[in-house]
Amino acid sequence: MTKRFDSLVANDGIDLVVEPGQIHCLLGENGAGKSTLMNVIFGLLRPDEGEMLIDGEPVWFTNSGEAVRRGIGMVHQHFMLVPVFSVAENVVLGFEPTKSFDRLDYAKARDDIRRVSKEFGLEVDPDAIIEELPVGLQQRVEILKALDHDAQLLILDEPTAVLTPQEIDALMTIMRSLADSGKSILFITHKLKEVKEAADVITVIRQGRVVGTAQPTDSEGTLASLMVGREVILTVEKEVRSPGDDVLEIRDLVVRDDRGLPAVNGVSLDVRAGEIMALAGVQGNGQTELVEALAGMRFVESGTITLRGRDITNKTPREILDHGLGHVPEDRHRNGLVLSMSVADNLVLNTPRRAPFARHGSRNLNAVRDNATQVVRDFDIRATSIFEPVSSLSGGNQQKVIVARELSRPLTFFVASQPTRGLDVGSIEYVHRQIVRQRDEGNGVLIVSSELDEVLSLGDRIAVMHQGKITGVVEPTTSRETIGLLMAGVSEEPARA
Amino acid sequence: MTIAAARTPGPPTVRQHFGRTRVMGLSIGVIGLFIGVVFGLGSRAGSHTSVTWSPVNLSSAVPWHLGTLTVPTRLSCLILGLILVALGAEVVVRRPERGVMARFGVAGIFFLFTLILWTGRTLGPSQVSSINFTAILIGSSGVAMVLVYGSLSGVMCERAGVVNIAIEGQYIGGALVGTVLASTTHSFIIAAIGGAAIGAGLGWILAFLALRYMSDQIIVGVVIVTMMAGLSSYLNLQVLSPYPQYNLGNLAPPLAIPLLSKIPILGPVFFNQSGFFYAMMLLVALVSFGLFKTRWGLRVRAVGEHPKAAASVGINVVRVRYINVVLGGAIAGVGGVAFMAVQGQFQPGYTSGLGYIALAGMIFGRWRPSGAVVASVLFGISVYLAENLQTYQIPVPTEILQMFPFLITIAVVSGLIGRVRPPAADGLPYQRD
């Protein structure tokens, strides 16, 4: 199967065979073409070449409804669930049982769901409202939805990204029992550990091509090198340093989210000079709001934030930046860059009104240009011109623009939220080196990441956040299981049971 | 439009500090206090108000006669004010989960009611001037009916995720086509069909530009209103003025329902109305049933909340939106004909922002047909009073009353009182990726 987007070949002659009763892992880096492949199978995109056979019969779907009817179910990375609907309404949507006058037959819907739940051991209350359920259960509803539509092939697109380690274990069990009952599962991921744990067969794709198949018994190193095409160092090289005094002190911080609920609920945290504090946790447990409060982008309800002895609570972002805070925001498209503006302009976004980039309220474009030429060379940003809009750069280079901008002025503290999300291995290495360099220069560093590997390899200390609270601050030598329990809200003391 | 701006989540506001329900309860209490102090203590101790319940629009005699009721103004206003204060206190203390908005609606209606009592007061018991409540209710019901059509149109479109700000334009189109068809064919049914067609056509333009070309729905809506306002003035000048036979007086005749229309006080308001009124009641029930009980409604709401989820199970998002926007346009078009049938004639500018008030009613009614009815009653009474208070010689500037629906809407959308939550994908263009 081949799929092109203009000149870009996203999928180049992909061959894939999935057998019944099998968990088939599709392993590849971000941007390798996994999602494109899935979307073609599920009828969301049309292929340019190739064929697909279901039980020997050639098919292509023009919309996902047809795919569902032919027994393909997909659990998307971002759930396809209507938050304000009940479980039952979501499950039957598109395939509703009805009575006279087009009325919905809720009784039948509930019975069906209970039957399918029982058959596959997926307990969910059919009348629960989706947005009130925890993420793990929402995912269960997605799987239930596919099974209720009688799916024979279940596609799971990066299903573990939003789950705690314990929820991941539960998912693995569910996947295994589904496979045992004869369903086929296509499991897409870029996490090596999960692949080894779950897969019967592994197909690795890179840059739109199948580069090989592997066995779950192969080592992580073998899988990784297949995935990225070269040997990779999975740890960050850094020397041991002894940290200095506290630079950032957060005390009893309470911050609300967009819905007005407390997202950060009484957090106290210290970060010392010359130290990388890594903030771990499943996404959506208050990390985003904590960083936004730190950068002055979100109102602090109560508590204080002190940076180098000065209170920066509820100061404007400009005041905070001027006090030496460098900030790489989580969502680079929304908060990090002005996409339609040039690389050169984006590189001075945080200092546009300062000399030498501006004088007496008018911009000094020569200085902006010289700065951009210099920075693009220093930070190895791949752009055809410093005047092209930053939107035309690849994700990795966009991230480099932000990192370069934040680091090209004297800092006292550096905060980076999900600094390597969606980046290729080369860019990740680069960003990691920059972060370590900041630490070595004696600045405090706070890293927020939902990748446990990144947290473990970067952090000098690791703080774990769960439901707006810090559940523990541990050394990077701590086991994954312990951190996993902290991420699930089990506190540091040994369990009492 | 303030409506669009209020939809993006912002930083925490006052309401989140206090709790929305409490602020709502406080507002009800404040209205009660205002009534008690201004209308109650503000009128002299001996003053009285006389009210009658005479069903002016019932041609046949009614078997009941309530006569004139004379009440002490100060005492009545104080009692009603205290009831609201109690109601507000109840909301603040108990914080009920449901029905808070309905209680607020009651407070609004009490406010208008006591305003009438206060303005109609005389220095002592007197039969000379009395206020005919039934007449006010009947007059208001005409405005409310038109508003319900518009709000329903908004509900149809926005539940599917398209903002229809063109309701005003669809009113104008319906009224214009309606008067010509009613004058030439002498049939309100044909006029209604014509109005529905023009409304549907304008809805189609909105849908086409918003769904095919992903234009900003609010801008397209405003363009349609502006276009219809200009077009109707032009056609009025060029066609209706020189050929008055196309714009005859066409008041829709009331059809009294036997027995029901003779219920004291409210019978003439609800059961001695034109066909447009009964059709409106039927439509409210139909849309309400359709949206919340049927497969069609589930799909519409899914499309308005999470179009990608709907598409992932094979629902054609664009088609659902087309159908709903065109149907919604047709409903607003009929509303325009109904407006013409209440006014009797078409005149440019007569709708005077009623379409926007209907949109406000949809928001106040939280995107539900039943809520739209409550909002339309409240807004209908205040619009009617604003236009007719001069007849009752009320010393309040009518502009204040005209602002009433908008003040409430601003309070609601800004989240100062109550909680409104529009469909999540409302106004957002949908693109298959």
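Odds and ends about this structure:
- Solvent exposure of the range B:138-373, expressed per residue, is 36 Å² of accessible area, with all protein chains present and a 1.4 angstrom probe.
- Cα gyration tensor shape for the range B:199-312, rounded if a/c is under 1.5, else prolate or oblate: oblate
- Backbone amide hydrogens, once placed in the peptide plane, bring A:Leu154 within less than 5 Å of A:Gly73, A:Ser184, A:Ile185, A:Leu186, excluding anything fewer than 5 places away on its chain.
- Note on surface exposure: A:Asp55, A:Asp15, A:Asp102 rank A:Asp55, A:Asp15, A:Asp102 by accessible area, highest first, 1.4 Å probe.
- Considering only the Cα atoms of the range B:121-183, their convex hull presents on average a projected area of 7.7 nm².
- Solvent-accessible area buried by pairing A with B, both sides, nearest 100 square angstrom, 1.4 angstrom probe: 2600
- Length, then width, then depth: along the principal axes, the Cα atoms of the range B:89-166 run 56, 38, 16 Å.
- The Kirkwood radius of the range A:277-337, taken over pairs of alpha-carbon atoms, gives through the Stokes-Einstein law at 25 °C and 0.890 mPa s a diffusion coefficient of 198 µm² s⁻¹.
- Karplus-derived 3J(HN,Hα), 6.51/-1.76/1.60, for each residue of the range A:429-435, Hz, glycine and proline x: 4, 4, 4, 4, 4, 5, 5
- Loop sites in the range A:1-101: GluC sites (Glu not before Pro), DSSP, at most 11 other Cβ within 10 Å: A:Glu51
- In this view, the solvent-accessible surface of B:Leu211, computed with a 1.4 Å probe and all protein chains in place, comes to about 20 Å².
- Cα centroid separation, the range A:55-89 to the range A:20-54 (Å): 14
- Size-normalised alpha-carbon gyration radius of the range A:239-295, reference 2.2 N^0.38 Å: 1.28
- Using θ = phi - 60° in the Karplus curve 6.51 cos²θ - 1.76 cosθ + 1.60, the 3J(HN,Hα) couplings for the range B:193-200 round to 5, x, x, 4, 5, 5, x, 5 Hz; x is entered for Gly and Pro.
- Sequence of A:Arg308, B:Arg301, B:Arg295 when ordered by accessible area, the most exposed leading, probe 1.4 angstrom: A:Arg308, B:Arg295, B:Arg301
- Three semi-axes of the equivalent ellipsoid, chain A, Cα gyration tensor, whole Å, largest first: 41, 28, 23
- Mean residue ellipticity (222 nm) of chain A, computed from DSSP H runs ≥ 4 via -39,500 (n - 2.57), nearest 500: -9000 deg cm²/dmol
- Other-chain or far-sequence residues with amide H under 5 Å of A:Arg272's (modelled H): A:Val247
- Using C-alpha pairs under 8 Å with a sequence gap of at least 6, the mean separation divided by the residue count of the range A:346-408 gives a relative contact order of 38 percent.
- Cα pair distances exceeding 44 angstrom across the protein assembly as shown, given as percent: 45
- Chain B - percent of accessible surface contributed by carbon and sulfur, probe 1.4 Å: 68
- Global form of the range B:74-203, assessed from the alpha-carbon gyration tensor, a/c cut-off 1.5: oblate
- Mean ellipticity per residue at 222 nm, deg cm²/dmol - from DSSP H runs of n ≥ 4 across chain B, formula -39500 (n - 2.57): -20500 deg cm²/dmol
- Three-way shape label, chain B, alpha-carbon gyration tensor, a/c 1.5: oblate
- Candidates B:Ala332, B:Ala196, B:Ala309, ranked by Gaussian network fluctuation over chain B, Cα under 10 Å, top entry: B:Ala309
- Once C-alpha pairs closer than 8 Å and six or more residues apart are averaged by separation and normalised to the residue number of the range A:246-487, the relative contact order reads 29 percent.
- Hydrodynamic radius by Kirkwood, which averages 1/r over all alpha carbon pairs of the range A:3-228, in angstrom: 18.3
- Average projection area in nm² (convex hull over Cα atoms of the range A:246-487, one quarter of hull surface): 12.7
- Note on B:Thr184 and B:Arg94: the extension gain reaches 26.5 nm, defined as 0.36 nm multiplied by sequence separation minus the Cα-Cα distance.
- Probe 1.4 Å - accessible area at B:Trp204, Å² to nearest ten: 120
- Difference of contour (0.36 nm per residue) and Cα-Cα distance, A:Arg359 to A:Asp245: 37.3 nm
- Most mobile listed residue (B:Lys308, B:Lys293, B:Lys262) in chain B, GNM with C-alpha springs under 10 Å: B:Lys293
- Modelled label positions at A:Glu481 and B:Glu399, each set 7 Å beyond Cα in the direction of Cβ, lie 7.6 nm from each other.
- Most mobile of B:Gly221, B:Gly380, B:Gly275 in a GNM of chain B (Cα contacts under 10 Å): B:Gly275
- If you sort B:Leu255, A:Leu226, A:Leu154 by accessible surface, 1.4 Å probe, largest first, the order is B:Leu255, A:Leu226, A:Leu154.
- Exposure of B:Tyr350 as accessible area (Å², to 10), given a probe of 1.4 Å and all protein chains: 90
- The equivalent ellipsoid that matches the C-alpha gyration tensor of the range B:138-373 spans semi-axes of 29, 23, 13 angstrom, in descending order.
The values are calculated or read from the model by the stated rules, or taken from the named source; none is laboratory data. If you're wondering where the values come from, they're calculated on a predicted model, not measured in any experiment. Every residue, glycine as well, gets a Cβ built from its backbone with ideal geometry; the counts of neighbours run over all protein chains shown. For the accessible areas, the whole protein counts, side chains as well, though only heavy atoms, and no ligand, DNA or RNA atoms are used. Shrake-Rupley method; radii C 1.70, N 1.55, O 1.52, S 1.80 Å.
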